[in-house]
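To keep things clear, I will list the structure first and then write my remarks on it.
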Amino acid sequence: MSCFFCQQLLPCGKVVPNRLVKVAMYEHLASIRGGPPNRYHYALYSTWSEHDWGMIVTGNVIVSQDHLTLGRDMVVPRGLDDQTIRPFQKLAESIHGNKANRPLAIMQLSHGGRQSSNFLGGRLPFVPPLAPSALRSGQTLENEGIISNIFHLLLFQKPKAMSLADLDHLVSEFVRGAVLASQSGFDGIQLHAAHGYLLAQFLSPKSNIRTDEYSHDSLLLLNRIVNAIRKAVPASFILGIKFNTGDYSGVEESKAQTTQDERAISHLREIVAWRTIDFIEITGGDYENPNFVFSPGSTQSSRSSRQAFFARFSARFMKELSSMSSPNDRLPLVLLTGGLRTPAHLYNVIASNHAHLLGIGRSSVLCPELPTTLKNNQTTEVDLFNDFTPFKPEPDLSLSFTKRWPWTYIWRFVPRIKLIGAGVGIAWYALIIRQLAEGRIRRNDERDIKKSDEQNVFDLDYSVTGIGAVVKMWVWVNAPEIQKSYIVLLLLSLLLMVLCLAWSVDL
Ligand SMILES: Cc1cc2nc3c(=O)[nH]c(=O)nc-3n(C[C@H](O)[C@H](O)[C@H](O)COP(=O)(O)O)c2cc1C
């Protein structure tokens, strides 16, 4: 068990208490056009905090109010003062909790760029988002079918290519985000330069066809942001990056993939050479090819894979790193995310030296108590190596699509649209996240259960179908903004009743 629970030293001098990292998961809990964290976020993160995670990364906090992802994002406030910082302080406190070995609290900073969608992105409909070049998301998709193209066309606007002034403003927005994190007590930030969001768009030739220095040196923007942030925060503040492997990364190597991987490795070598980054998370995919929530190369969630999604690339990067090290040189830690959902997956990453830190997304939602469970189960290394039992069963979203009429007919067309498939998966997990935040998932230890091995385990409701999850994700009766509007509605109705009464009495 010790292989998961040993401390890891970051270049900035801070220590990660253990290797288990709850990675960024968009919570869908803020107000509808984005806003500060609220009581639901605090409750959710307190749940994770109780369970011995080494590092807890927030879901993406958007640096620009009008470039949201799915609408209910946390957003960096335009002005930083005691009042606007307070909700983020409370969030950092919820993550740190009150245990001795407290997890590191990391705020993920992001900008949707061209993936900030038409109706949910925080702009008026059909107002273009900003991006490196005027290329719409989905434009380069091949063999996806007409329905998919229409869907992408409706959802994503042709963006406006960013001017140099836009880029200067963007750098200041990321710096404001980092200062917010630092002033509210977070241990560090992670820049989201993956999954096709703005910073990743600058790194990829399929979205960046500029002719200025931001294309010739595709890391220039990231480098400017990192340098500006380093100047604005203390030296011990953690700076991480979430980074994509090659866009075609997968289990099978292809020529295109090798070229992409070479490009990604050369980017990573350059980032490491900056000597300012503390950890690099390895992931892959974007909205056109959402293989960060599917096994690469397939449209189904990976149930059979015995390896982490991006392990091959990560192993390669670890070798590159060791060739770059020199005595007294502290290099960034590598965090591998994607498909780690059994003890064997976790064990094999560490035993094979594929990464230093283990990034856990969906399993952290299904099983918030995962580190505590691992700690309490004394298992030999041989047992770990062979244990491919998922921490919790995964939802069978494909079955729930096809079982019911009329979906049987309608959804015959849908599986070809990868984005919808990914969206349904995200909705299902967002719903469980909400149930955790609302305290609606009871733990077995809250009930009268005698068996000690069943204690402290969350009891999930697997009956929700994929479609049900999408509907419930958007129809949220306890949403933070609804309470206020209900009160206004109630007051207006009361006023109307009084007026009617007065009028009828007068008559
Ligand atoms: C509901 C949901 C929300 C996510 N939100 C984010 C996010 O805000 N930022 C991010 O970098 N990745 C996000 N991801 C991707 C995860 O961080 C992770 O890369 C992915 O789920 C693969 O890891 P896993 O197999 O352990 O789930 C999200 C994934 C899901 C399912």
Next on the checklist: Exactly one of these conditions fails for Pro128: (1) more than 14 Å from the ligand (Cβ to nearest atom); (2) in contact (Cβ under 8 Å) with a residue 40 or more places away in the chain. Give me its number.
Outcome noted: (2)
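The rows are residues; the columns are (1) surrounded by 20 or more Cβ atoms within 10 Å (Cβ to Cβ); (2) within 11 Å of the ligand (Cβ to nearest atom); (3) at pLDDT below 75; (4) among the charged types (D, E, K, R).
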| position | (1), (2), (3), (4) |
| --- | --- |
| Lys242 | yes, yes, no, yes |
| Ser249 | yes, no, yes, no |
| Ser254 | no, no, yes, no |
| Glu262 | no, no, no, yes |
| Thr276 | no, no, no, no |
| Ile280 | yes, no, no, no |
| Thr283 | yes, yes, no, no |
| Ser304 | no, no, yes, no |
Checklist entry - Tell me, which residue of segment 341-363 that is under 16 Å from the mean Cα position of the chain (by Cα) and over 21 Å from Val15 (Cα atoms) is surrounded by the most Cβ atoms within 10 Å (Cβ to Cβ)? => result Arg362
Item to check | Selected residue [touching a helix residue (DSSP H, G or I) at 6+ places or on another chain (Cβ under 6 Å), within 27 Å of Phe5 (Cα to Cα) and of a type in the set (Gly, Ala, Ser)] from Ala43, Ala24 | outcome: Ala43
Checklist entry - Across segment 97-125, what is the total count of residues that are within 16 Å of the ligand (Cβ to nearest atom), part of a helix (DSSP H, G or I) and on the phi < 0 side of the Ramachandran plot? => result 1
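Does Arg316 satisfy the criteria of being modelled with pLDDT of 90 or more, out of contact with any helix residue (DSSP H, G or I) (no Cβ under 6 Å at 6 or more places or on another chain) and farther than 17 Å from Asn18 by Cα? Please lay out each step first, then the result.
Details: modelled with pLDDT of 90 or more: yes; out of contact with any helix residue (DSSP H, G or I) (no Cβ under 6 Å at 6 or more places or on another chain): yes; farther than 17 Å from Asn18 by Cα: yes.
Yes.
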Checklist entry - Which is over 25 Å from Gly425 (Cα atoms) and within 19 Å of the chain's Cα centre (by Cα), of Gly13, Gly54? => result Gly54
Item to check | Residue that is of a type outside the set (D, E, K, R), closer than 27 Å to Gly196 by Cβ, open to solvent by 10 Å² or more (accessible area, probe 1.4 Å) and away from the ligand (no atom under 15 Å from the Cβ), where the choices are Pro87, Pro77 | outcome: Pro77
Checklist outcome for this item: Among (1) within 15 Å of the ligand (Cβ to nearest atom); (2) open to solvent by 30 Å² or more (accessible area, probe 1.4 Å), Lys319 falls short only on (1)
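Only one of Ile441, Ile467 is touching a Lys or Arg at 6+ places or on another chain (Cβ under 9 Å) and modelled with pLDDT of 75 or more. Can you tell me which?
Values: Ile441 fails: touching a Lys or Arg at 6+ places or on another chain (Cβ under 9 Å).
After ruling out the rest, the residue left standing is Ile467.
Given the structure, is Ser94 in contact (Cβ under 8 Å) with a residue 12 or more places away in the chain, touching a helix residue (DSSP H, G or I) at 6+ places or on another chain (Cβ under 8 Å) and either of a type in the set (Lys, Arg) or part of a helix (DSSP H, G or I) (or both)?
yes
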Checklist entry - Can you pull out the residues in segment 183-230 that are open to solvent by 40 Å² or more (accessible area, probe 1.4 Å) and among the charged types (D, E, K, R)? => result Lys206, Glu213, Asp217, Arg224, Arg230
Next on the checklist: Given the condition among the aliphatic types (A, V, I, L, M), at pLDDT below 95 and over 26 Å from Leu222 (Cβ atoms), answer yes or no: does some residue in segment 96-114 qualify?
Outcome noted: yes
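This table checks each residue for (1) open to solvent by 10 Å² or more (accessible area, probe 1.4 Å); (2) away from the ligand (no atom under 13 Å from the Cβ); (3) closer than 30 Å to Arg330 by Cβ.
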residue	(1), (2), (3)
Leu10	no, yes, yes
Gly13	yes, yes, yes
Leu20	no, no, yes
His28	no, no, no
Ala43	yes, yes, no
Thr69	no, no, no
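The values are calculated or read from the model by the stated rules, or taken from the named source; none is laboratory data. These figures come from a predicted structure and were not determined experimentally. Positions of Cβ are generated from backbone atoms using ideal geometry, with glycine treated the same way; all protein chains shown enter the neighbour counts. For the accessible areas, the whole protein counts, side chains as well, though only heavy atoms, and no ligand, DNA or RNA atoms are used. Shrake-Rupley method; radii C 1.70, N 1.55, O 1.52, S 1.80 Å.
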